[in-house]
Amino acid sequence: LRFAPSYHTGKGFSMSEMIQNVIAGMKSGVLETGIRTKLIIIIPREIAYLKDYKGPSAQEIVQAALEFQDEGVVAIDLACSEHFGPEPYIDAFRSTIGTRLKRTVHAGETGPQMEQNIRTALKNMLADGIGHALPLASMPEEIAEVRNRRIRVERAPISNQCMSLGDGDFDRIYDLLRAGVLVSIGSDDPGIFGPTCSISRNLLAVGNRYGLGIDGIRMLTSNAIESAFLNEDERRSLKTQFQGPVAQRKLSGSRRG
């Protein structure tokens, strides 16, 4: 799960209170459904650019996330419109180095500097994950870095299509998989896109587009487990439940479509 607690501080709540409330909901969810979740705290990327902004700074948001790094908060994220560049947030992201928190960045989804935003996320913000990264398949140096550092690349192809982003054809997910990139498939924002962007529909769309078959869907799911922000005991348990391969399966045969 991920949300921006700074959006709620104007309603009489502190960021810590909002994070505590979400964690309480997550705990209730485990009791009711058996499904365990982790929490990613979002830094809205517009805040450094708003002249009249009086809310929490990026560093204050990071500090609020750090308060709960032992209670289910696993990462920070830089999200929202990429027309606001990531550069003002480099120091805040780097301040998490040496903590339990991971770093993930929405980069390469839209805007005039998609490729540069990916490079900044990798080189300067030391991202453990990249959201979208639509031009990545045309960036060989960055592909090598993402592969070698085992950085997760989260794709939400249906929402990209709904917003007319990228090449309209899933932006070469197949090529990234063949290159050994840990691509996983997500739902983006259900509050905006509703059931049309469910994980199952996204997986089905990608599987049908590239003729991946069940092995391809299992590989994408295995990628999600391998790159999830978990400790190794949690990852091992999840692998056992999934009964999937520890290593990526290689795609064979020719691409369909």
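Restricting to Cα pairs below 8 Å that are 6+ residues apart, what does the relative contact order work out to for segment 101-257? Please round to a whole percent. Intermediate results must be reported in sequence, preceding the final value.
Numbers: 221 pairs, mean separation 28.3, N = 157.
Here the relative contact order equals 18 percent.
How large is the accessible surface per residue of the chain, computed with a 1.4 Å probe and reported in Å² as a whole number?
Details: 12830 Å² over 257 residues.
About 50 Å² of surface per residue is accessible.
Carbon and sulfur: what percent of segment 1-157's accessible surface (1.4 Å probe)? Kindly include the intermediate steps, with their values, before the conclusion.
Details: 3760 of 7450 Å².
C and S fraction of accessible area: 50 percent.
Cα convex hull of the chain: mean projected area in nm², to one decimal? Don't jump to the answer; show the numbers that get you there.
Numbers: hull surface 55.7 nm².
Mean projected area of the Cα convex hull: 13.9 nm².
May I ask you to evaluate 6.51 cos²θ - 1.76 cosθ + 1.60, the Karplus curve with θ = phi - 60°, for each residue of segment 130-144 and list the ³J(HN,Hα) values in order in whole Hz, giving x for glycine and proline?
10, x, 6, 6, 5, x, 4, 4, 9, 10, x, 5, 6, 4, 4
If you average the C-alpha positions of segment 1-52 and of segment 69-132 separately, how far apart do those two centres end up, in angstrom?
17 Å
From the phi angles alone, apply the Karplus equation (6.51, -1.76, 1.60; θ = phi - 60°) to segment 178-184 and give each ³J(HN,Hα) in whole Hz, x where the residue is Gly or Pro.
5, 7, x, 6, 7, 7, 10
Kirkwood-based Rg over Rh for segment 62-208 (C-alpha set), two decimals? Display every interim value, and only then the final one.
Details: Rg = 15.1 Å, Rh = 15.7 Å.
On the Cα set of segment 62-208, Rg over Rh gives 0.96.
When the helices in the chain are scored as -39500 (n - 2.57) per DSSP H run of 4 or longer and the sum is shared across all residues, what 222 nm value do you end up with, to the nearest 500 deg cm²/dmol?
Details: 11 runs with 106 residues, N = 257.
One gets -12000 deg cm²/dmol as the mean residue ellipticity at 222 nm.
Over segment 200-244, with every protein chain in place, what whole percent of the accessible area is carbon and sulfur at 1.4 Å, could you tell me? Please report the intermediate quantities before stating the final value.
Values: 1200 of 2330 Å².
Its accessible area is 52 percent carbon and sulfur atoms.
The values are calculated or read from the model by the stated rules, or taken from the named source; none is laboratory data. Keep in mind that this is a model prediction, so the values were computed, not measured. The area values use the complete protein model at the heavy-atom level, side chains included, leaving out ligands, DNA and RNA. Shrake-Rupley method; radii C 1.70, N 1.55, O 1.52, S 1.80 Å.
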